[in-house]
Every structure is written in structure tokens, then in C-alpha cells.
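Following: one structure in C-alpha cells, then a few remarks.
The values are calculated or read from the model by the stated rules, or taken from the named source; none is laboratory data. These figures come from a predicted structure and were not determined experimentally. Quick reminder, even Gly has a Cβ in these numbers, built from the backbone with ideal geometry, and neighbours come from all protein chains shown.
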Amino acid sequence: MHSNLYRKATRRSGALAIVVGASLILGGCGGAPEVTLPTDKEESAALCYGATLALAQEQEGTKAISLDQASHALHFVLLGASLNGVGEPTKVNQIGARGKELQHKFVTEKNAAGYTAPCAKAFPETQAGTFKELPADNPDTRMMCYTLSTALLQIFAQSKIAPDPRAEAYVKLNNQLDQSTLAELQAKGDINPAELAGRAMRGLAQAVHLGPPTDVMKACGDRYPKS
């Protein structure tokens, strides 16, 4: 129910996932003084990602980090890659790779805790309680939920994450939306790969600005598997 499950879901995704999911792969506490983040939001996102992962690693030791810890850290990456209202896969990769490099530096220097408050201020969408509700049900909202689930499953497949019962729900949601959204597009004769990719990337940006991904995913799961 962890990396193998995420990989299985990725393999099962159909034609829609090929367009939507391509390239979306990514390889505070204490008395640490707060830092000032750079004005470059992408670099700030990488710093916050690396620091958050370093703190999670410090808390868990050699154990796998939790889905919540991984999702919280990843949220910084997705926000940094969605600054212009479009979730850009290449920037997800770049920010994620940069953050991984910084993670090792934070672990060595033991100064990750100083980034907790500045990162919360710079990226308020990452904080608990910020998510309110999904937009009204329409094709773009369904695409938003599908794209977020695709991104999370693909990225989590490359990570060491502890088993979590929500993983199965994410897989179920992803498969259901893959089938229903593709059927809807086929019925309309409306499958334009470039336009579809644009909708998906706008949906990803919209999703990550609503609040923590786990909260958005819960709302998507509560709404759509019943349809």
C-alpha cells in the first residue's frame, strides 16, 4: 500500500494519464534562528521543501516518512512550480531536485527548523485549515482532482513513504476519474492533446493553491467516487 501501490496506479492509468501525467516525477521545532528566504520564489520553494524533508527525516530517523509529511513537503514544490497559474512539470522536477540537494545540507548543518516559520509565511497555502471547499462540480474541477491525484501518485512512487490507508483511496479516485473524464471527452469528440495538457496543468495549479494536498484529495474523494 505504499510505493508499489503508487506504481501500480501509474501503470494502470490510461490515455488521459499519458497526456496529463508526463514528466510529473520527482525523483518547526527547537531554537534555531529564523532565516530570510530569497525573493526568488522557486528557490524559496526548494529551500522549504528541503528543510521540511530534513525535519521529517530528523523526526523519523531511518523509518519511512508519513504520507502527511511527504505531502506537506511536496506542497512547496508544487506551489513553486505553479507561480503563473500553470503547474509546470519541468519546474516540478527542477525544484524537487534542488530541494533534495538542500535537504542533505540541512541534515548536515542541523538548521532546518529555522525555515519553518518563514516557509509558512511565504507559502500560507501549506498551513492546516487553509482549505475550505472544492469549486463547483464541472469538467475543470474533475480535471483538477484527477491531475492532483496523478501528480501525487507519480511523485510518491519515487519516494520512501510509510504505508497509509489513504493511498488506496487515491488510487481508486485516480482510476475512476481517468475513466470518467476520458469517456466524457470521447463522447464530445473533444480530445485535443495540447488543450488537454493545458487544462491539466491549470488544474494542478488551482488544486495546490486551495490548501494542503491531503485536504484537497479528501474533498475530491468524498465527492467523486460516488458519481
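Does Val92 satisfy the condition of being touching a Gly at 6+ places or on another chain (Cβ under 8 Å) and of a type in the set (Val, Ile, Thr)? So Val92 does not fit the description; no.
Each row is one residue, and each column tells you yes or no for (1) in contact with a Leu (Cβ under 6 Å, 6 or more places away or on another chain); (2) part of a helix (DSSP H, G or I); (3) basic (Lys, Arg); (4) assigned by TED's automatic domain parsing to the domain that holds His75.
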| residue | (1), (2), (3), (4) |
| --- | --- |
| Met144 | no, yes, no, no |
| Thr147 | yes, yes, no, no |
| Ser159 | no, no, no, no |
| Glu184 | no, yes, no, no |
| Met217 | no, yes, no, no |
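Residues that are among the polar types (S, T, N, Q) and over 11 Å from the mean Cα position of the chain (by Cα) within region 41-81 comprise Ser44, Thr52, Gln57, Gln59, Thr62, Ser66, Gln69, listed in sequence order.
Quick one: in region 29-70, of everything that is part of a loop (DSSP other than H, G, I, E, B) and β-branched (Val, Ile, Thr), which residue is surrounded by the most Cβ atoms within 10 Å (Cβ to Cβ)? This residue is Val35.
Among residues that are surrounded by fewer than 17 Cβ atoms within 10 Å (Cβ to Cβ), within 29 Å of Gly198 (Cα to Cα) and of a type in the set (Val, Ile, Thr), Thr126 is not included. Have a look at Leu74, Leu55 and point out the one that is closer than 20 Å to Met144 by Cα, at pLDDT 95 or above and of a type outside the set (Val, Ile, Thr). Only one candidate qualifies: Leu74.
All conditions but one from (1) of a type in the set (S, T, N, Q); (2) farther than 17 Å from Leu37 by Cβ; (3) out of contact with any Leu (no Cβ under 7 Å at 6 or more places or on another chain); (4) modelled with pLDDT of 95 or more apply to Asn84; the one that does not is (4). If you go through region 142-165 and keep only what is within 12 Å of Ala64 (Cα to Cα) and among the small types (Gly, Ala, Ser), you end up with Ser159, Ala162. For region 161-203, a residue qualifies if it is within 30 Å of Gln57 (Cα to Cα), aliphatic (A, V, I, L, M) and surrounded by fewer than 17 Cβ atoms within 10 Å (Cβ to Cβ), and exactly one does: Ala162. Here Val107 does not qualify as under 18 Å from Leu210 (Cα atoms) and not basic (Lys, Arg). The condition of being under 16 Å from the mean Cα position of the chain (by Cα), aromatic (Phe, Trp, Tyr) and at pLDDT below 95 holds for only one of Phe123, Phe156, Phe131, that being Phe156.
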